[in-house]
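The values are calculated or read from the model by the stated rules, or taken from the named source; none is laboratory data. Computed from a predicted structure; not experimentally measured. Because the Cβ atoms are built from the backbone with ideal geometry, glycine has one as well, and the counts that use them run over all protein chains shown.
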Amino acid sequence: METKSFQKIYYRLSNITKATCSLKAPGVGYEEMAFIQGRAAQVVKIIGDEVTLQVFSGTEGLSTDSEVIFTGESPRMAIGDHLEGRFFNSFGKPIDGYPIIEGTLREVGGPSVNPVRRVQPSQLITTGIAGIDMNNTLVSGQKIPFFADPDQPYNQVLSMIALRAKVDKIILGGMGLTWDDYLFFKNSFEHGYGKSKIIGFINTLEDSPVERLLIPDMALSTAEYFAYEKNEKVLVLLTDMTLYSDALSIVSNRMDQIPSKDSMPGSLYSDLARLYEKAVQFPDGGNITILAVTTLSGGDITHAIPDNTGYITEGQLFLRRATEISKVIVDPFRSLSRLKQLVIGKSTRTDHPQVMNAAIRLYADAANARTKLENGFELTDYDKRVLKFAEDYSGKILAIDVNLEIDQMLDQTWQLFQAHMSKDEVDIKQEFVDIYWKN
Amino acid sequence: MNNNLYTCTGEITAIIANMVIVKANGPIRQNEICFYSHNDKDIMGEVIRTDGNYAYTQVFESTRGFKVGMKTNFTGNMLEVYLGPGLLTKNFDGLQNDLDKMEGVFLERGARTYPLDVDKKWTFKPVAQPGDQVLAGDWLGEVDELGFPHKIMVPFKLEGTFRVVEIARANDYCINDTIATLSNEAGENIKVTMVQTWPVRVPVKSYLEKLRPSKLFETGIRVIDTQNPILEGGTGFIPGPFGSGKTVLQHALARQAAAEIVIIAACGERANEVVEIFTEFPELDDPRTGKNLMERTCIVANTSNMPVAAREASVYTAMTIAEYYRAMGLRTLLLADSTSRWAQALREMSNRLEELPGPDAYPMDLSAIISNYYSRAGQTVHRNGSKGSVTFIGTVSPAGGNLLEPVTEATKKVARCFFALSQDRADSKRYPAIDPIDSYSKYLEYPEFTEYSKEHIGENWLEDIEFNRDALIQGREVYEQINILGDDGVPVDYHVTFWKSEMIDFVILQQDAYDEIDSNTSIPRQKYMLEKVNDILRTRFVLGDFEEVRNFFKKIIYILKQMNYSEFQSDKFIGFENELQKVINEKVKD
């Protein structure tokens, strides 16, 4: 960081904790950025002329006579078209080996959208994955997380969706990624469609956990630039929001705040909502869609992080291993997209809602039949047929490695209905049966 | 804002997130509003604690860039709202800024807009006469606000008795024109316009007395009206885990409840849900009056990404507007989604004030704050004999779906109706997912309601409900037995009992919120269907085995549902009814 003449410089820290330090520095603004021996820090508390700074990369090795430079500005970064195809760390420094770039500095973490200026989301986002497109359809401007156990391939699914989604820009906010996962994302994106569509802000597990707090704001401010200024369709991927929340709790703990449920800060709901609510459909056509990952511990969705997330987001997606085909699918029972009603049967074919419900109902019957089988009961003819149907349905349609257009998904589901079930058992409105049930 | 209005000034001495400490040079009033001068903009805040000359204030916007030494002006007034014609159809934020008047797509810091339209003309008709003795809340005249007789009242703030000196004649006026001159006991003249202000945290008390609720407040939702009724001026709350249909239920209430005025406080919830109201309400009509739904609605929207302190204020802003319309003798419904977000805002502030925490780090007085708030609802009688009401229904978002958390427990103590949303019902798509047994309405025990129901609904209404409810409970009990012993392990009667309760579930409790007819059921229709279902409950059938029981009741349920989907007493409805009778007659035991 270059020093400039008007910047204030201090050399006397009065107090150092694991994540913060304090010093006497009059005239400093709240949330102003500072550098302590080159480490980025932000003002989190001012009492009189005593200022407390949160040091993002940690305070290890700081001495009380460290040089502290205040920038006089709230967090800013150079946002512009030049970001395209690049990967950065939490401080906006390139990590892809290419040179640093200059650009117009813009504020990070700016104001919220006026709710009356928002437009109701109505554009379908297709991913090629039937568990999403057919059963839990995504709409641009939506925010939805994957609730996944740490051993599930959520990052692979996320990158697959990103590769298939028809959007203008993909912004990856990686928090606590392993270096391997970072390279996986980078390679698969660059391989997938060249570099221009993707921008990454990456904090890996090698970095300090507190640095993660900067990632979502950078990703979302960049998304706002492309969606609002350029009217682009932007998809933001945030993984893993559980590690982000953990970082929040570390800071609040260091600030001596009283923890609420599960040792999380009392403001967790507001902190998460501030980020997720950046998902928006702007009146001029641009939009921001957020796909996030919240890892669970032992599948517990009552923990404060998934619980608060569920109240904020517009649905949630669960992954599940379908044992009958040994493949991962998007769980048709527990997953929910709250906004799907806005598009299914409207932007998609009119038989979509009925086909979706009928297939899920049969899939549920198959689950019951399987329980019966496991408990040693005899299976009826219907049971045997729904089991067959379920196997084909998950293998040929739901499996996440199958890539289909929505019309194909619907057509193939009709074929499965015909192959295994009778018209009565499918129970779909006569008008659709007349069209799609081929004799 | 005029500088002369400031009572004193001060300088900021400390900043901790949205709490700012200000050293003042004069007397400070608890809960008074102050303005910090930041980059030529006035940012609004509120005093929440005082210590000597130091005022602890909560800032209603972001404190980014605030510095020690910044000038602060104290107004001496508490947070107030403007009350006058033109509130309906408006979309406000928690501090009553008119969101539609704000420029740009983003909410800029320090931007404030006047909540009412200053230039709009209203056709005024005087009600009071010169010489009348009047008190605060008495009606001086009225204007037509989208078909409602919007009363222009003696401002709530005026204390004592006044004499009407002069009253404007019938004509068109703007809200700031003088429409009456009053004189107080000392003979001083006071000019009254069509707009007045009132501090939101203080209940409006310009009524003679509050009545015990007695009249059914129709919602058109069967599991509420029939099983757990809420009364006019009553209170209720809806706790439920995420995904259990809270919002769909609230929107259904806002659409079809028998209220003249609906105030919606979107407090700390998803912005897209408010957008849904903005988008859909202008296209829907009030089923009772045929007028556009938006014309009876006022929305206070402080969504989850808007400042936390303003979120806390938003519920009070909404309540004060509801009380204002109540004072005009109107039936008002206030919906707040969600009161948990409001409680969380209180918790964040209590934490910054370093108060000793209560359970789950909420402030110790949480329960008292919630009780005081709910108590502002009620049916009131005014000096001119008119009656108005505020019926309040709040949602609660319990952490982890656990109903033993502080906000739910505190609310349970004060709200008289409890509409428990159940995850199990939501998972099996039984909507609305209100659990009929866990839910309750204390109003069923009110003798006032017993009397009302006998006179207005039916002589045996309460007995019918009880009979129905017992059948539901019996069904649940045998269901457990069937699950343990297996279909073949219990007598066929058990299956009959179970399927009778399923019939209640499918026909009375479940309701299709997206179907035009089924979503909204009138009381006569609810009574008709309840009696129909109860008749079947009392009937004894001859049925061979459990498969036959299931098939028989599935058929009955199917036909009854078709009745629910048909226009009441239409040919189609009667056709299904005849078909039902035929199916029943085949299996009736003589």
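Worth pointing out:
- Condition met for B:TYR558 (hydroxyl-bearing (Ser, Thr, Tyr), without any contact (Cβ under 8 Å) to a residue 12 or more places away in the chain and part of a loop (DSSP other than H, G, I, E, B)): no
- Across the stretch B:24-47, the number of residues qualifying as surrounded by 18 or more Cβ atoms within 10 Å (Cβ to Cβ) and assigned to a strand (DSSP E or B) comes to 12.
- Any hit, the stretch B:69-81, residues being within 14 Å of chain A (Cβ to nearest Cβ), out of contact with any helix residue (DSSP H, G or I) (no Cβ under 8 Å at 6 or more places or on another chain) and acidic (Asp, Glu): no
- When the strands (runs of 3 or more DSSP E) confined to the stretch B:74-164 are screened for residues that are surrounded by fewer than 18 Cβ atoms within 10 Å (Cβ to Cβ), those reaching at least 2 such residues are found at B:122-126.
- Residues that are in a loop (DSSP other than H, G, I, E, B) and more than 28 Å from A:ARG320 (Cβ to Cβ), drawn from the stretch A:400-439: A:SER422, A:LYS429, A:TRP437, A:LYS438, A:ASN439
- The condition of being more than 8 Å from chain B (Cβ to nearest Cβ), in contact with an Asp or Glu (Cβ under 7 Å, 6 or more places away or on another chain) and buried (at least 19 other Cβ atoms within 10 Å of the Cβ) holds for only one of A:THR309, A:THR289, A:THR313, A:THR295, that being A:THR295.
- Qualifying residue in the stretch B:272-284 (condition: of a type in the set (Phe, Trp, Tyr), within 14 Å of another protein chain (Cβ to nearest Cβ) and surrounded by fewer than 24 Cβ atoms within 10 Å (Cβ to Cβ)): yes
- Criterion violated by A:PRO259 - all others in (1) within 23 Å of A:GLY85 (Cα to Cα); (2) out of contact with any strand residue (DSSP E or B) (no Cβ under 8 Å at 6 or more places or on another chain); (3) not basic (Lys, Arg) satisfied: (1)
- Scanning the stretch B:336-381 for residues that are under 21 Å from A:HIS303 (Cβ atoms), at the interface with chain A (Cβ under 10 Å from one of its Cβ atoms) and among the small types (Gly, Ala, Ser) returns B:SER338, B:SER340, B:ALA361.
- Residues in the stretch B:509-525 that are hydrophobic (A, V, I, L, M, F, W, C) and not in a loop (DSSP other than H, G, I, E, B): 2 in all.
- Hey, A:ASP96 touching a strand residue (DSSP E or B) at 6+ places or on another chain (Cβ under 9 Å) and at pLDDT 90 or above or not: no
- Any hit, the stretch A:219-229, residues being in a loop (DSSP other than H, G, I, E, B) and either of a type in the set (Asp, Glu) or within 14 Å of another protein chain (Cβ to nearest Cβ) (or both): no
- Between A:LEU177, A:LEU213, A:LEU205, the distinction of being of a type in the set (A, V, I, L, M, F, W, C), under 14 Å from the mean Cα position of the chain (by Cα) and within 18 Å of A:THR294 (Cβ to Cβ) belongs to A:LEU177 only.
- Scope the stretch B:413-446; condition over 19 Å from B:PHE467 (Cα atoms) and part of a helix (DSSP H, G or I); matching residues: B:LYS413, B:VAL414, B:GLN423, B:ASP424, B:ARG425, B:ALA426, B:ASP427
- Counted residues, the stretch A:160-210 - those being in contact with an Asp or Glu (Cβ under 7 Å, 6 or more places away or on another chain), within 23 Å of A:ALA247 (Cβ to Cβ) and either surrounded by fewer than 18 Cβ atoms within 10 Å (Cβ to Cβ) or in the same structural domain as A:ALA19 (by TED's automatic domain parsing) (or both): 1
- Just so you know, in the stretch A:245-286 the residues that are away from chain B (no Cβ under 12 Å) and without any contact (Cβ under 8 Å) to a residue 24 or more places away in the chain include one that is nearest to A:ASP217 (Cα to Cα), and it is A:SER249.
- Conditions (1) farther than 19 Å from A:ILE144 by Cα; (2) in contact with a helix residue (DSSP H, G or I) (Cβ under 7 Å, 6 or more places away or on another chain): number failed by A:ASP256: (2)
- Taking the stretch B:288-323 as the range and being in contact with a Ser or Thr (Cβ under 9 Å, 6 or more places away or on another chain) and over 30 Å from B:VAL202 (Cβ atoms) as the test, only B:ASN292 passes.
- Any hit, the stretch A:320-334, residues being modelled with pLDDT of 90 or more and within 9 Å of another protein chain (Cβ to nearest Cβ): no
- Here B:TYR54, B:TYR114 are screened, and the one residue that is within 29 Å of A:ILE47 (Cα to Cα), at pLDDT 95 or above and out of contact with any Pro (no Cβ under 7 Å at 6 or more places or on another chain) is B:TYR54.
- Selection status of A:VAL236, at pLDDT 95 or above, within 30 Å of A:ASN253 (Cβ to Cβ), hydrophobic (A, V, I, L, M, F, W, C) and in contact with a helix residue (DSSP H, G or I) (Cβ under 9 Å, 6 or more places away or on another chain): yes
- Checking B:LYS429 against (1) surrounded by 15 or more Cβ atoms within 10 Å (Cβ to Cβ); (2) in the same structural domain as B:ARG331 (by TED's automatic domain parsing); (3) under 23 Å from B:LEU253 (Cβ atoms), the condition it does not meet: (1)
- For the stretch B:48-73, a residue qualifies if it is touching a residue at least 24 places away in the same chain (Cβ under 8 Å) and not in a loop (DSSP other than H, G, I, E, B), and the qualifying residues are B:ILE48, B:ARG49, B:TYR54, B:ALA55, B:TYR56, B:THR57, B:GLN58, B:VAL59, B:LYS67, B:LYS71, B:THR72, B:ASN73.
- Contact map, the stretch B:301-330: first residue within 14 Å of chain A (Cβ to nearest Cβ), second residue of a type in the set (A, V, I, L, M, F, W, C) and in a loop (DSSP other than H, G, I, E, B), Cβ cut-off under 7 Å, separation 6 or more or different chains; pairs are B:PRO307/B:PHE60; B:ALA309/B:PHE60; B:ALA310/B:PHE60; B:ALA310/B:LEU95.
- Exclusive hit being β-branched (Val, Ile, Thr) and surrounded by fewer than 22 Cβ atoms within 10 Å (Cβ to Cβ), set B:THR289, B:THR303, B:THR317: B:THR289
- Of all the criteria given as (1) modelled with pLDDT under 95; (2) within 14 Å of chain A (Cβ to nearest Cβ), the one not satisfied by B:ALA258 is (2).
- Test: B:GLU579 is of a type outside the set (Ser, Thr, Tyr) and assigned to a helix (DSSP H, G or I): yes
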